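Taking it in order: structure first as C-alpha cells, then the write-up.
A short reminder: the numbers here are calculations on the coordinates, not readings from a lab. Small disclaimer: the values here were computed from a predicted structure and weren't measured. All Cβ positions, even for glycine, are placed from backbone atoms using ideal geometry, and neighbour counts span all protein chains on display.
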C-alpha cells in the first residue's frame, strides 16, 4: 500500500501544482478587487461577476443589463460547434479509411496525420494566413483559372477563424475515432446485413453505439479548446472578431483587469467541467 502511494506521489504532485493550484488561484482572483496597473487588491468583491451581465453607470452607480459578453460567449460556442461538426465530417471517413488499411499502411497514414502537427501552432496559423490572404496562393490560383475576378475575402473573417480551428484540432477528432474503429468487429456489420438491415439501420444500430466513445472523446477534445481558442481569432480573424480566449487575454494584458479575466476563466472552466460531468454520467448510465 505504501509503495502504491509512493508511485502515485509524482502524478498527484504534478496535478496539484500545475492544475489544482492555478485553478484555485484563478477562482480566488475572480472575487478580489482589481489593482490600478494590473494584479489584484486583497479586498473581496463580486464586481467581476456582476460585470459579466451588467454595466454600471459611472454617474449614479446603477446597473443596466449588458449582453455584449454573452454575445462573445455565444459566438465562441457557435464557432467551436461548427468546427467540431466539420472535424467530425472530415475525421470520421479519414479514421475509417486508416483503420481499414493493412498494418503497414496504417502506420504511414497515422504519421501523415500527425507529422504536420509537430510544427508549432503559431507557425501553422501564420502559414494558413499566408495562404488565405489576398496575395496568397489560393486567391492566385482561383484568379488564374478564371474562377474569380479579384481576390476573395478569405482572411480576417469568421470563415478564416473556422478554418483555423478545424486545422488546429482535426487530429484530436481523427485519433479517438481511429482507436474506436480499429477495435470494431466488422463481423457484426456483416451479421446485420445478413439479417436484412439497411445501411442506415446498420449504422444506427451497430456502428454508432460502438463508435460512441470515440465520437464523444473527439467532440470534447475539439469543442472545449475551440471555445477558448486564442490564436485563430487573433491572427486569422485579424482581431476583428472577438472570442472568449481573446477577451480573457485582453483583461490580463491591455485592460489589466485581472479579476474580470479570472472570472471569465472561471466561468469557462465551470461550463467545461459541467459538460464533462454530464457526459461521464451519461456514459456510466449507458454502460450500466
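Taking 41 Å as R0, compute the FRET efficiency from the Cβ-Cβ separation of residue 24 and residue 186 and round it to 0.05.
After rounding, the FRET efficiency stands at 0.30.
Quick one: which of 218-227, 13-22, 73-82, 129-138 comes out on top by average Cβ neighbours within 10 Å, and what's the full order, highest first?
Most protected by this proxy first, the peptides run 218-227, 73-82, 129-138, 13-22.
Rounded if a/c is under 1.5, else prolate if a/b beats b/c, else oblate: with a ≥ b ≥ c from the C-alpha gyration tensor eigenvalues square-rooted, which is segment 22-159?
Note, shape of segment 22-159 comes out prolate.
If one computes the Cα centroid of segment 181-223 and of segment 129-147, what distance in Å separates the two points?
Distance between centres, Cα-based: 40 Å.
Compute the length gained on full extension between residue 106 and residue 5: take 0.36 nm times their separation in residues and subtract their Cα-Cα distance, giving the result in nm to one decimal.
Gain on stretching residue 106 to residue 5: 32.5 nm.
Using packing as a proxy for protection, rank 53-64, 113-124 so that the peptide with the highest average count of other Cβ atoms within 10 Å comes first.
Put in order of decreasing packing, that is 113-124, 53-64.
Which shape class, rounded, prolate or oblate, goes with segment 108-148 when its Cα gyration tensor gives a ≥ b ≥ c as root eigenvalues, a/c under 1.5 marks rounded, and past that a/b bigger than b/c marks prolate?
It comes out oblate by the Cα gyration axes.
Assuming a ≥ b ≥ c are the square roots of the Cα gyration tensor eigenvalues, decide whether the chain counts as rounded (a/c under 1.5), prolate (otherwise, with a/b larger than b/c) or oblate.
oblate
One-quarter of the Cα convex hull surface for segment 1-74, in nm²?
8.4
After finding the eigenvalues of the alpha carbon gyration tensor for segment 127-202, what semi-axes result from the square roots of 5 times each, listed largest first in whole Å?
Here the semi-axes work out to 42, 17, 10 Å.
Sorting check: for 161-169, 38-46, which peptide has the highest mean count of neighbouring beta carbons within 10 Å, and how do the rest follow?
Descending mean neighbour count gives 161-169, 38-46.
Could you list the residues of segment 219-263 with an amide nitrogen less than 19 Å from a label point located 7 Å from the Cα of residue 47 in the Cα-to-C-beta direction?
Backbone N within reach: 248, 250-263.
At 222 nm, what helix-only mean residue ellipticity would the chain give, in deg cm²/dmol to the nearest 500, using -39500 (n - 2.57) for each DSSP H run of four or more?
The helix contribution divided over the chain gives -21500 deg cm²/dmol.
When every alpha-carbon pair in segment 144-288 is counted, what percent end up more than 18 Å apart?
Percent of Cα pairs beyond 18 Å in segment 144-288: 71.
What is the spin-label model distance, in nm, from residue 194 to residue 65 if the labels are put 7 Å beyond Cα along the C-beta direction?
Distance between label points: 6.1 nm.
Where in segment 195-237 does the label zone of residue 126 land, with the point 7 angstrom along Cα→C-beta and an amide N cut-off under 20 Å?
230-237
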